[in-house]
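The values are calculated or read from the model by the stated rules, or taken from the named source; none is laboratory data. Note that the coordinates shown come from a computational prediction; the quantities given were computed from them, not determined experimentally. Here Cβ is always computed from backbone atoms with ideal geometry, including for glycine, and neighbour counts include all displayed protein chains. Side chains included, ligands, DNA and RNA excluded: accessible areas come from the protein's heavy atoms. Shrake-Rupley method; radii C 1.70, N 1.55, O 1.52, S 1.80 Å.
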Amino acid sequence: MKIHLDTKCLPRHIAVIMDGNGRWARRRGLPRVEGHREGMNSVRSIIQTCGEIGVSYLTLYAFSTENWKRPRGEIRFLMKLLVEYFKREISELHGRGVRIRMLGRREPIPAGVLTSIDNAVRLTRDNRGLNLNLAFNYGGRREILDAVDTWLQMKPRPGLTEEIFSRVLYTGGIPDPDLLIRTSGEYRISNFLLWQLAYAEIVVSPVLWPAFRRPELMQVLAEYQRRERRFGGVRPVHA
Ligand code: IPE
Ligand code: IPE
Ligand code: MG
């Protein structure tokens, strides 16, 4: 089925909770990490599609501050996967004008992983294409506390308004997400962008992340375009 999207009503910012890698693998009798590996192909497909259709910001939840509770081998695999991803894809991403940012705390991410993230961020900082934000060692509550710290250290310290507070979050300067997608059928926020999601449209897809590709994204976008965004008012507006 061909999906027709209204290009004037696309979300400017899409945030994704990429969930279901472990279940995808288990259902095939594979170790959980194989789901993470296949999930990288979905990452590639979604980044490419967002770039093509003209989405400005894509934020991917890749590792939460709670994910350190996982078995050590799985954590190590996820760290290695990110380094390998950048090694393999950074020149193509850069060539397509993607600008990479990292959202999250640096400690306790291993030094080698931080170097590879820092290099990708530095290389792409002047790019003007898709803004790709990687939420890595990200926690929404931690971000809010860090923002309070940043604000307390400002000299002179401005009065605390919503605008000032937004500016000191990790996402300072990035518009709030219009659309939050969570894959794998889970109806939870899991400590993601607690402040920024205030008025995002939420779409939960039953599809597990490693199987979530361009057609699944198009379907979610069609659902988004059927929504009425009211922002507390009465007249429907689209971002
Ligand atoms: C999402 O898939 C990837 C990360 C959280 C890093 P999961 O690993 O959470 O997969 P499920 O939810 O166990 O299936
Ligand atoms: C959320 O998925 C974190 C990421 C996708 C990186 P989880 O699988 O960790 O979340 P819970 O534990 O199901 O809430
Ligand atoms: Mg999960």
Notebook entry, point to check: residue 148: net charge of surrounding residues, Cβ under 12 Å, Lys/Arg +1, Asp/Glu -1, itself excluded?
Noted result: 0
Next item on the list: For residue 28 and residue 84, calculate 0.36 nm times their separation in residues minus their Cα-Cα distance, and state this gained length in nm to one decimal.
Entry: 17.8 nm
Checklist line | Isotropically averaged projected area of the chain, using the convex hull of Cα atoms (one quarter of hull area), nm² | finding: 14.3
Note to self: Using a 7 Å offset from Cα along Cα-Cβ at residue 66, what residues in segment 29-43 end up with backbone N under 12 Å from the label point?
What the structure shows: none
Item checked: Distance cut-off 16 Å, percentage of C-alpha pairs in segment 125-233 lying past it -> 68
Note to self: Can you give the longest run of the chain that contains no GluC sites (Glu not before Pro) sitting in a DSSP loop with at most 12 other Cβ atoms inside 10 Å?
What the structure shows: 67-227
Next item on the list: Given the options 59, 183, 115, state which has the largest fluctuation in a GNM of the chain using a 10 Å cut-off (strictly under) for Cα springs.
Entry: 115
Next item on the list: Give me the distance in nm between label points sitting 7 Å out from Cα along the Cα-to-Cβ direction at residue 199 and residue 107, one decimal.
Entry: 3.8
Next item on the list: Express the relative contact order of the chain as a whole percentage, based on alpha carbon pairs under 8 Å and six or more residues apart in sequence.
Entry: 29
Notebook entry, point to check: In nm, what is the difference between 0.36 nm times the number of residues separating residue 8 and residue 190 and their Cα-Cα distance?
Noted result: 62.4 nm
Next item on the list: Can you tell me the FRET efficiency between residue 44 and residue 230 if r is taken as the Cβ-Cβ distance and R0 is 35 Å, rounded to the nearest 0.05?
Entry: 0.50
Next item on the list: For residue 139, list long-range residues whose amide hydrogen, built 1.01 Å from N in the peptide plane, is under 5 Å from its own amide hydrogen.
Entry: 65, 105
Item checked: Sparsely packed trypsin sites (Lys or Arg not before Pro) within segment 99-183, loop by DSSP, other Cβ within 10 Å at most 12 -> 125, 128
Checklist line | Within the chain, longest stretch free of exposed chymotrypsin sites (Phe, Trp or Tyr not before Pro) [DSSP loop, at most 14 other beta carbons within 10 Å] | finding: 1-186
Next item on the list: May I ask you to derive the FRET efficiency for residue 163 and residue 53 from their Cβ-Cβ distance with R0 = 45 Å, giving the value to the nearest 0.05?
Entry: 0.95
Notebook entry, point to check: Given a 1.4 Å probe, how much area per residue of segment 35-155 is accessible, in Å²?
Noted result: 49
Notebook entry, point to check: How high is the FRET efficiency between residue 119 and residue 155 when r is their beta carbon distance and R₀ equals 35 Å, given to the nearest 0.05?
Noted result: 0.65
Next item on the list: Return the long-range amide H neighbours of residue 19 (sequence gap of 5 or more, or a different chain), with a cut-off of under 5 Å between placed amide H atoms.
Entry: 183, 209
Next item on the list: Just flag the trypsin sites (Lys or Arg not before Pro) in segment 1-87 sitting in loop per DSSP whose Cβ has no more than 13 other Cβ atoms within 10 Å.
Entry: 2, 28
Item checked: the chain - percent of accessible surface contributed by carbon and sulfur, probe 1.4 Å -> 52
